[in-house]
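Following: one structure in structure tokens, then a few remarks.
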Amino acid sequence: MRKFTLCFCMLALMCVASCSKSNDKDREKEEMDSIKIAELTANYDEATTFNDSLMLLMSDIYTGLDSINMQEGLLYNMGNGESLNRREEIRRNLSDIRSRLSANQKVLLQMEQKLKASGNQNSVLSKTIEQMKQSIAQQETKISQLENQLAMAQDSISNLNRKVEAVEEEVKVQTEAKDAALQAVQEADQEIDNLNTVYYALGTNKELKQNGLLEKKFLGQTKVLKGQFNESYFTKVDKRNLSSIPTGAKKIKIWTNMPAGSYEEVKGEDGYITLKITNPQQFWSLSPFLVIQLD
């Protein structure tokens, strides 16, 4: 019995020792897994940061390309009178773009060295960096070309300015001549209009007297348009467009001196008289005013 008890105790000790050793191995494996996970997480974070930085750098480089294209457009579209200030503005802008490209080139070199040192053979990143290096080189070449064109543009712009000034002077002379000719034509047209403007008035004897067109004098003599009269009472017309005047009366009397044979009094079926002007030049030759009394 005592011998059996001793054997049982020894077997229990062996089991305890075996379990303890197994637990140590599990803990060691868990610690190794945790370290590996931490390293992978750190690598992922570093790769993400690297990619983000690369994308920001790429965006800035292509923004520089847009800026260069804009300066090129300004250079090719410089106008007269603004060329000096515009050239200076473009020169400053190109200098700023070149400085930014230089800074980006240094950052790109650092990123390339960092990628090589990491031992990460990422073909996509390597190709992207190479493309960005080529873009920077192309932009620097473009800036140099624009700077050379800017330097050579001074004489061309000066010549162009002189030509523009000459053209502007010629245009000014021609415009003044055109305006003078137009003014002469307008004055001639106005003179012709004035020569062809005539006036006629229709009214009863009382109405004509009230507006000063007729004036009863001593011994029954009546004078026509001898004093102050109401010009607005007349109808203003172009004699070239006036061939007849409907009077709306069955009896009329013409007070102004209109040459006989230059007009006719035509009575319609309704009995109303229309004054028909048969010879306008002769009719208006003595006076531009016609006064007709309606009875």
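The values are calculated or read from the model by the stated rules, or taken from the named source; none is laboratory data. Keep in mind it's a predicted model, so treat the numbers as computed, not measured. All Cβ positions, glycine included, derive from the backbone under ideal geometry; neighbour counts span all protein chains shown. When the accessible area is computed, the model is the full protein with side chains, heavy atoms only, and any ligands, DNA or RNA have been set aside. Shrake-Rupley method; radii C 1.70, N 1.55, O 1.52, S 1.80 Å.
Here are the numbers:
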{"read-out": "Some residue of segment 204-215 being assigned to a helix (DSSP H, G or I), aliphatic (A, V, I, L, M) and at pLDDT below 90", "value": "no"}
{"read-out": "Matching residues, segment 222-273, being more than 14 Å from LEU290 (Cα to Cα), open to solvent by less than 50 Å² (accessible area, probe 1.4 Å) and touching a residue at least 12 places away in the same chain (Cβ under 8 Å)", "value": "THR222, GLY227, ALA249, GLY271, ILE273"}
{"read-out": "Any hit, segment 184-206, residues being surrounded by fewer than 10 Cβ atoms within 10 Å (Cβ to Cβ) and of a type outside the set (D, E, K, R)", "value": "yes"}
